[in-house]
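Trainee: Mind having a look at this structure? Questions to follow.
The values are calculated or read from the model by the stated rules, or taken from the named source; none is laboratory data. Keep in mind the model is a prediction, meaning the values are calculated, not measured. Heads up, the Cβs are rebuilt from the backbone with ideal geometry, glycines too, and the neighbour counts pull from every protein chain shown.
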Amino acid sequence: MISSKVLARSKLALGQTPKMLFSSACARVYPNEPSPYVFTEFPSPKTQSYIKEVGQKTCTLITTFPIDLENSLGNIVSDEDGNKLLDIYCAIGTNAVGYNHPKFLAAADDDLMRMTIATRTGIGINPIKEQRQFNEDAFMTVAPPGMDRVTAAMCGTCANEGAYKVAMMAYQIRKNGGEYVEPTPEELCSCMLNQAPGSPDYAILSLK
C-alpha cells in the first residue's frame with residue numbers, strides 16, 4: 001500500500017503544489033464554492049444598517065457583519081449584501097470544515113439530531129441513552145494515549161475554566177499522597193464563597 005506521504009510527494013514531483021492539492025480536496029467537497037468578491041463598500045450598507053438597528057437593543061461593538069448562511073459555502077462566507085469573503089476566522093475555529101458541509105447537513109437531517117435540538121436535555125443529569133456512543137465516537141477515538149476519561153464543555157471559555165479546576169484538584173490529590181479525599185462540609189460551603197479552606201490560595205501563573 002502506498003502511504004499518503006509517498007503519494008503526496010509523487011504528486012508534488014508531477015508539478016502539483018501543496019496549494020493545488022489542497023484546492024482539489026476542497027473542490028471535491030465544495031464543487032460549487034464561489035470565488036471571493038466584494039462589490040460594495042465595507043462594512044456593506046446592510047451591515048451598517050444591521051449594526052445600527054440591532055445596536056439599539058443589544059451590544060454590537062464587536063459585530064463585523066451578519067452572515068448569510070444560506071449563501072455561504074465552504075471557505076467562502078457571504079454577507080447580507082452578497083459580498084463573498086474568504087473566511088480565515090472560522091467562528092473562532094469552530095467552523096473549520098467550512099459552511100454548509102454536505103456531511104454535516106446530512107447529520108442535521110437525522111431524526112435524533114432534530115429531537116436533540118428541539119428537546120435539549122441536561123446531559124450531566126439526564127443524558128440521552130445515545131450519549132454513551134456519542135462520547136466514544138466524538139472523544140475517545142481521538143483521545144491522547146493514557147487518557148481514558150472525558151469531560152464535555154459548552155464553549156471554549158468553560159472548557160478552560162473546567163481544565164483549571166481539574167488541574168487544581170489533581171494538584172490537591174498529589175499533595176494528599178495521591179489519594180482522593182472527600183471534601184469536608186466546611187470546604188464545600190466555603191468554596192461557594194471563594195474562601196478558604198474550600199478555595200485554597202492557589203493560582204495559575206502565566207509567563208510570556
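Trainee: Note down all Cβ pairs under 6 Å where the first residue falls in region 76-98 and is of a type in the set (Lys, Arg), the second is in a loop (DSSP other than H, G, I, E, B), and they're at least six residues apart or on different chains.
Mentor: Lys84/Pro34; Lys84/Pro36
Trainee: Something else: Just give me the residues in region 38-75 being acidic (Asp, Glu), surrounded by 11 or more Cβ atoms within 10 Å (Cβ to Cβ) and without any contact (Cβ under 8 Å) to a residue 12 or more places away in the chain, in sequence order. Break it down into steps so the answer makes sense when it comes.
Mentor: Taking region 38-75 as the starting set, the residues that turn out to be acidic (Asp, Glu) are 41, 53, 68, 70.
From the residues that got through so far, the ones that are surrounded by 11 or more Cβ atoms within 10 Å (Cβ to Cβ) too are 41, 68.
Passing the criteria: only Glu41.
Trainee: Got a sec? Which of Glu136, Glu182 is of a type in the set (D, E, K, R) and in a helix (DSSP H, G or I)?
Mentor: Working: Glu182 fails: in a helix (DSSP H, G or I).
Exactly one of Glu136, Glu182 is of a type in the set (D, E, K, R) and in a helix (DSSP H, G or I), namely Glu136.
Trainee: Being surrounded by 10 or more Cβ atoms within 10 Å (Cβ to Cβ) and β-branched (Val, Ile, Thr) is the filter; apply it to region 139-184 and report the residue that is farthest from Ile92 (Cα to Cα).
Mentor: The residue in question is Thr184.
Trainee: Scan region 151-176 residue by residue and report those that are at pLDDT 90 or above and either in contact with a Gly (Cβ under 9 Å, 6 or more places away or on another chain) or in a loop (DSSP other than H, G, I, E, B) (or both).
Mentor: none
Trainee: What's the number of the only condition in (1) of a type outside the set (Ser, Thr, Tyr); (2) surrounded by 11 or more Cβ atoms within 10 Å (Cβ to Cβ); (3) closer than 30 Å to Tyr30 by Cα; (4) modelled with pLDDT under 85 that Ile123 fails to meet?
Mentor: So Ile123 meets the others, but not (3).
Yes/no matrix, rows are residues, columns are (1) over 20 Å from the mean Cα position of the chain (by Cα); (2) among the aliphatic types (A, V, I, L, M); (3) farther than 19 Å from Phe42 by Cα:
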{"site": "Thr60", "(1), (2), (3)": "yes, no, no"}
{"site": "Ile88", "(1), (2), (3)": "no, yes, no"}
{"site": "Thr94", "(1), (2), (3)": "no, no, yes"}
{"site": "Tyr99", "(1), (2), (3)": "no, no, yes"}
{"site": "Ala106", "(1), (2), (3)": "no, yes, yes"}
{"site": "Gly124", "(1), (2), (3)": "no, no, yes"}
